[in-house]
Amino acid sequence: MSSRIGFPKDFLWGGALAANQVEGGYLEGGKGLTTVDLMPTGEERQAISKGYITSFTPREDLFYPSHEAIDFYHRFKEDIALFAEMGFKALRVSIAWARIFPSGEEEKPNEEGLKFYDELFDELLKYDIEPVVTLCHFDVPVALVEKYGSWKSREMVHLFERYAKTVLDRYKNKVKYWMTFNEINMLLHRPYLGAGIPLNDVEDKNQVLYQAAHHQLLASALAVKAGHEINPEFQIGCMLAAGMTYPYTSNPDDIWKAMDKDRESFFFIDVQSRGEYPGYAKRFFRDNNLDIKMEDGDLEILKEGTVDYIGFSYYSSRCTSTDPEVLKGAVSGNIFGSIKNPYTKASEWGWTIDPKGLRITANQLWDRYQKPLFIVENGLGAVDTPEEDGSINDDYRIDYLREHFKEMREVIEDGVELIGYTSWGPIDIVSASTGEMKKRYGYIYVDKDNEGNGTLDRKKKKSFYWYQNVIKSNGQDL
Ligand code: BG6
């Protein structure tokens, strides 16, 4: 009988959150307005997230879900106690940049903001939960968007470096695992949601976006460098919205297109992990007449600021074709376009469900980078309807997770170094793409609807007990 490796003893089981989707308290404690605070629910959200913004202050006629979110700002102790009850070893959170530097340019950081995260990390450490911290999960101080057009400008690089140094130093004895930018490749697909970039008057979108990408990559490398100097024990990762692109057929043209699509995303991680622009990116710049302005020393910074591990989200695989007829079958799926794969099912929101794709993607990333992998997001967004007695029997969520965990076990058997898994939204939170509350990922239900009504009370779902047992058995008992 062959013996199996199994999950490592110190595997980081847990959940993942983002400041702007949970905290609320959007102007409390001296916090400045951030980009996501200007993203309403409803039709306008899509255009805004693509960069066509309508105003730099919230409008009276729109509803902005981030302003209160699930009130984690005031309830984090209660929520962390529930995560501890599930046995979490890690909680991924992000720091809201605008809590620390409300306009991005203050001379001194905002002490009240810094204190909030001190308390948050202390609370986690009280339960031996490892904080895993993203420096920027989509939210940019609005003042920097107004003044500089966000990452369009090189000014952002040093403003971000200053912010990063401030928090890396402040929490150097509390936090070991860091990530620079959440889903850095989102910048190409939802420029405002992902990186605060307005595109209202832009003629050459690619020129603007790839220049902004250079600035972000530089800022990421500077943060990694600074982090390693502040505490050599730090593990600092990148974060990719992953999910392999499959060719629809074995037609070489389909294969090439699929590879090319994946490279749109790998482009970022190749720089963050290998420390240099890959040849295919330079060709893309040449072929498209892009003039990416770089200063002396930039390439050295990229080389010196490479990441320690590859963090990634996995919700879906993608599929592409060169056949115009086949291309008509487009589906939605975590922002990234895809055609319908006849071999996979989809969620209520049309996102492809492909557990095997997790194994494929993880192996692909491991083969490419040979660095530890950390699955920092995965999960099923679904409608939960409480039963008459108030219980929530989310068997569909358990099924989704179970199938993905089986593949995760295979990933480990394949010899991939996988250090952890934090499922997305362990407590129901605001959806990033739609702003809805009814798209729920949690093991813990939050009583709140799309319009903002509800008591905000928390309630354990069936999956709460199931995940608790998975963690307790270290992935044996699925
Ligand atoms: C990822 C983001 O893209 O997917 C999260 O990092 C987001 O912020 C998650 O919430 C799920 O997407 P959605 O749109 O269902 O919230």
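Residues checked against (1) out of contact with any Gly (no Cβ under 9 Å at 6 or more places or on another chain); (2) open to solvent by less than 30 Å² (accessible area, probe 1.4 Å); (3) more than 16 Å from the ligand (Cβ to nearest atom); (4) modelled with pLDDT under 95:
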| residue | (1), (2), (3), (4) |
| --- | --- |
| Ile427 | no, yes, no, no |
| Tyr441 | no, yes, no, no |
| Gly452 | yes, yes, yes, no |
| Gly475 | no, yes, yes, no |
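Counting only residues that are in contact (Cβ under 8 Å) with a residue 60 or more places away in the chain and under 13 Å from Gly104 (Cα atoms), which one in segment 159-186 is most open to solvent (accessible area, probe 1.4 Å)?
Ranking the qualifying residues of segment 159-186, first place goes to Arg162.
If the Cβ limit is 6 Å and pairs must be 6+ apart or interchain, which residue in segment 286-309 that is open to solvent by less than 80 Å² (accessible area, probe 1.4 Å) pairs with which residue that is in a loop (DSSP other than H, G, I, E, B)?
Pairs found: Leu302/Gly275; Thr306/Gly275; Tyr309/Lys371; Tyr309/Pro372.
The rows are residues; the columns are (1) over 15 Å from Gly379 (Cβ atoms); (2) within 16 Å of the ligand (Cβ to nearest atom); (3) without any contact (Cβ under 8 Å) to a residue 60 or more places away in the chain.
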residue: Phe405; (1), (2), (3): no, no, no
residue: Glu417; (1), (2), (3): yes, no, yes
residue: Val430; (1), (2), (3): no, yes, no
residue: Ser463; (1), (2), (3): no, no, no
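Would you mind finding the one in Tyr309, Tyr343 that is more than 16 Å from the ligand (Cβ to nearest atom), of a type in the set (Phe, Trp, Tyr) and more than 21 Å from Ala241 (Cβ to Cβ)? I'd like the intermediate steps shown before the answer.
Working: Tyr309 fails: more than 21 Å from Ala241 (Cβ to Cβ).
None of the others qualify; the one that does is Tyr343.
Please verify whether segment 254-265 includes one or more residues that are out of contact with any Cys (no Cβ under 7 Å at 6 or more places or on another chain), surrounded by 24 or more Cβ atoms within 10 Å (Cβ to Cβ) and under 30 Å from Ser321 (Cβ atoms). Don't jump to the end; show me each part of the working.
The initial filter retains those residues of segment 254-265 that are out of contact with any Cys (no Cβ under 7 Å at 6 or more places or on another chain), namely 254-265.
Next cut, surrounded by 24 or more Cβ atoms within 10 Å (Cβ to Cβ) only: 265.
Subsequent filtering for residues that are under 30 Å from Ser321 (Cβ atoms) retains 265.
Checked segment 254-265: at least one residue is out of contact with any Cys (no Cβ under 7 Å at 6 or more places or on another chain), surrounded by 24 or more Cβ atoms within 10 Å (Cβ to Cβ) and under 30 Å from Ser321 (Cβ atoms).
Of the residues that sit in segment 1-37 and are among the aliphatic types (A, V, I, L, M) and open to solvent by less than 10 Å² (accessible area, probe 1.4 Å), which one is nearest to the ligand (Cβ to nearest atom)?
Going through segment 1-37, the residues among the aliphatic types (A, V, I, L, M) turn out to be 1, 5, 12, 16-19, 22, 27, 33, 36.
Subset that is open to solvent by less than 10 Å² (accessible area, probe 1.4 Å): 16-19, 22, 36.
On the way: Ala16: 8, Leu17: 9, Ala18: 5, Ala19: 10, Val22: 10, Val36: 9 Å.
The residue in question is Ala18.
Tell me, which residue of segment 339-395 that is in a strand (DSSP E or B) and either among the charged types (D, E, K, R) or open to solvent by 10 Å² or more (accessible area, probe 1.4 Å) (or both) is nearest to Tyr421 (Cα to Cα)? I'd like the intermediate steps shown before the answer.
Of the residues in segment 339-395, the ones in a strand (DSSP E or B) are 339, 345-346, 352-353, 373-377, 382.
Still in the list and also either among the charged types (D, E, K, R) or open to solvent by 10 Å² or more (accessible area, probe 1.4 Å) (or both): 345-346, 352-353, 377.
On the way: Lys345: 23, Ala346: 22, Thr352: 20, Ile353: 18, Glu377: 7 Å.
Only one residue tops the list, namely Glu377.
This table checks each residue for (1) open to solvent by less than 10 Å² (accessible area, probe 1.4 Å); (2) of a type in the set (A, V, I, L, M, F, W, C); (3) under 19 Å from the mean Cα position of the chain (by Cα).
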| residue | (1), (2), (3) |
| --- | --- |
| Lys50 | no, no, yes |
| Pro58 | no, no, no |
| Glu112 | no, no, no |
| Leu120 | yes, yes, no |
| Glu123 | no, no, no |
| Val133 | yes, yes, yes |
| Ala143 | no, yes, no |
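The values are calculated or read from the model by the stated rules, or taken from the named source; none is laboratory data. All values derive from a computational prediction rather than experimental measurement. No Cβ is skipped: glycine too gets one built from the backbone with ideal geometry, and neighbour counts run over all protein chains shown. Quick note on the areas: whole protein, heavy atoms, side chains included, nothing else; ligands and nucleic acids left out. Shrake-Rupley method; radii C 1.70, N 1.55, O 1.52, S 1.80 Å.
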